[in-house]
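Take a look at the structure set out below.
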Amino acid sequence: MVNLKALSPEELKEFIESLSLPSYRARQIIHRIYEKWATSIDDIKEFSWGLRHELSQYAYISNLKLLQRERAADGTEKFLFELEDGLTIESVLIPDEDRLTLCVSSQVGCAMGCDFCLTGTMGLKRNLRAFEIVDQVIQVSKIINPERITNIVFMGMGEPLNNLTEVAEALRRITQFVKISRRRITLSTCGVVPKLLQLPEAAPAVNIAISLNATTDEVRDRIMPVNRRYPIRKLLDACRAYPLEPRRRITFEYVLLKGINDSDADARRLVRLLGGIPSKINLIPFNPYRGAKYQRPDDERILRFQKILTDAGMTALIRKSKGAEISGACGQLAGRCSDLKDEPAPVHSGRF
Ligand code: SAH
Ligand code: SF4
């Protein structure tokens, strides 16, 4: 059985030709899958009953299975989906003023082993296929209709640059068929430098976010093993060389870990490191989970860190830890596999 959702547009065209059907049939299928969220061949209303019946002999449309939907008090929603092989992934929907951002997963687990990230403790189970990435967008769109997803961030489970081929194909389908503009899509990476250099060609014009999280190689080596291969200097050189569109900036994410990377000296070093790069900084106070080694700095420290950056003329926002009580905030995603997660993470009562 052929899964129509898993086919690239070229493969779909070939498949349709192999059945001696006219090529506009492929366009109708694409329209139904990506814009009308068809869940079965029966939903392709442009096809006669006979054609749908015939097609069903050879093909089907897969669907991520929604296992759980949780909503936090701040409106953030987390969706737990099951893949065809029984593994699970999570997507998080974040409302924010006039935006509705979907945070998608690119892998089941992650191989990068960052010390502060729950997804990292799972290891990598497997890469997602392009259609499994796009289906997060399709399924959530269908669930929240008539509301509409306006932005997409690749900040869920996984390191998107370690799955670049499938991520690039997913981006192509999301932009061309789901019709969400590349300018409203952000890909976040821990800094896999060779892949970052390939990104402008593989996925032109998407926004990028770099999880920097430290200002010295000594600390970054310790909390983000990727740094041992691609140290800060190499990473920032790649950022400097990145072909940004006019008025676009690179986002630098900086998870604030109490006593590890949150000193005044860190803030000042961060200013120096990012000199010359069109950038904005997202400060993310550490989101705790059960068994975590790190703590969130006090509000006072966070504000002081931010002030050093803004006084130096940088744009630095403190990211609210949205959805923390449903373990939907950055670094808290682990699908169903985590025993660590059966107790809710403590919710901080700070100002953010
Ligand atoms: N692998 C990619 C994208 C997913 S992680 C990357 O690392 O960029 C998305 C963001 O969550 C990253 O910026 C990461 O630094 C941050 N993060 C991970 N664990 C966190 C935690 N426990 N608290 C706050 N942010 C965390
Ligand atoms: Fe992977 Fe990103 Fe988590 Fe690091 S922070 S372990 S790269 S998901």
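The values are calculated or read from the model by the stated rules, or taken from the named source; none is laboratory data. Owing to the predicted nature of the structure, the values given are computational and were not obtained by experimental measurement. Neighbour counts are summed over all protein chains in view; Cβ atoms, including those assigned to glycine, are modelled from backbone coordinates with ideal geometry. Accessible surface areas use protein heavy atoms only, side chains included; no ligands, DNA or RNA. Shrake-Rupley method; radii C 1.70, N 1.55, O 1.52, S 1.80 Å.
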Exercise. Assigning unit charges at the beta carbon (Lys, Arg +1; Asp, Glu -1) and nothing else, what dipole magnitude in debye, to the nearest 20, does the stretch 50-92 show about its Cα centre?
Worked result: 160 debye
Exercise. Which residue, chosen from SER211, GLN295, THR101, occupies the Cα position most advanced towards the positive end of the dipole of the chain, where the dipole is computed from +1 (Lys, Arg) and -1 (Asp, Glu) charges on Cβ about the Cα centre?
Worked result: SER211
Problem set entry | Per residue, in Å², the accessible surface of the stretch 70-126 once ligands and nucleic acids are set aside, probe 1.4 Å | 37 Å²
Seminar exercise, completed: Distribution output for the stretch 125-243: share of Cα-Cα pairs per 10 Å bin in percent, first bin at 0, values 13, 42, 30, 13, 2
Problem set entry | Ellipsoid equivalent to the chain - semi-axes via the Cα gyration tensor, in Å | 38, 22, 17
For this session: Just name one of LEU87, PRO246, GLY123: the one whose Cα is farthest towards the positive end of the charge dipole of the chain (beta-carbon charges, Lys/Arg +1, Asp/Glu -1).
Result: PRO246
Problem set entry | Carbon + sulfur, % of accessible area of the chain - ligands and nucleic acids excluded, 1.4 Å | 48 percent
For this session: Please report the relative contact order for the chain, taking Cα pairs under 8 Å with a sequence separation of at least 6, and give it as a percent rounded to a whole number.
Result: 14 percent
Exercise. Seen from all sides and averaged, what is the projected area of the convex hull of the Cα atoms in the stretch 2-60, in nm²?
Worked result: 3.4 nm²
For this session: For n ≥ 4 DSSP H runs only, could you compute -39500 (n - 2.57) per run for the chain, divide by its residues and tell me the 222 nm figure to the nearest 500?
Result: -9000 deg cm²/dmol
Problem set entry | Cα centre as origin, Lys/Arg/Asp/Glu Cβ charges: the stretch 2-60 dipole, Debye | 180 debye
Exercise. Amide H to amide H, which residues 5 or more places from ILE284 or on other chains are under 5 Å from it, using H placed in the peptide plane?
Worked result: TYR254, VAL255, LEU256, ARG319
Seminar exercise, completed: So, with points 7 Å from each Cα along the Cβ direction, the ALA205-GLU17 label distance in nm works out to 2.8 nm
Exercise. Expressed as a rounded percentage, what relative contact order does the stretch 69-115 have, with Cα pairs under 8 Å and six or more residues apart?
Worked result: 25 percent
Exercise. With every protein chain present, what is the per residue accessible area of the stretch 2-60 (1.4 Å probe, Å²)?
Worked result: 52 Å²
